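Peer 1: Dumping the structure here so I can ask a few things about it.
Derivation of every value follows stated rules applied to the coordinates shown; laboratory data play no part. These numbers come from a predicted model, not from an experiment. Because the Cβ atoms are built from the backbone with ideal geometry, glycine has one as well, and the counts that use them run over all protein chains shown.
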């Protein structure tokens with residue numbers, strides 16, 4: 001088995017041999033870096049207990065570059081997910097509830113406290 005030669009990526013000779021695209025950001029890349037940093041700051045503010053995002057690490061030439069990610073735009077039938085009622089209606093139409101015990105009939109029930117917990121534990125989604 002052939003040995004792999006170790007390359008020191010910190011030497012100036014190695015960095016000078018890299019293409020200019022590794023060393024310099026275009027105006028579009030600079031704009032993308034600003035947008036990524038803005039998003040990272042908003043994310044950190046909204047979710048302070050979560051791990052910070054790695055959006056723009058430094059490359060071999062110690063230049064910040066945005067990590068390319070792809071989000072494929074798709075059209076979905078349910079575009080009105082701005083209100084919780086619309087989301088609840090969608091879930092209600094997708095899932096069917098099956099009750100474990102047939103003691104629950106079409107009568108209106110008002111459950112509170114421990115009775116509500118018991119009812120919820122007896123209900124399963126199909």
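Peer 1: How high is the relative contact order of the range 17-72, in percent, counting Cα pairs under 8 Å that sit 6 or more residues apart?
Peer 2: With pairs under 8 Å counted, the relative contact order is 41 percent.
Peer 1: Report the full-extension gain for the segment residue 28 to residue 16: residue separation times 0.36 nm, less the Cα-Cα distance, to one decimal in nm.
Peer 2: 2.0 nm
Peer 1: Which ordering of 40, 50 is given by a fewest-first count of other beta-carbon atoms within 10 Å?
Peer 2: 50, 40
Peer 1: Does the range 1-57 come out rounded, prolate or oblate, given a ≥ b ≥ c as the square roots of the eigenvalues of its C-alpha gyration tensor, rounded meaning a/c under 1.5 and, failing that, prolate meaning a/b above b/c?
Peer 2: Oblate shape, in that a/c is at least 1.5 and b/c is the bigger or equal ratio.
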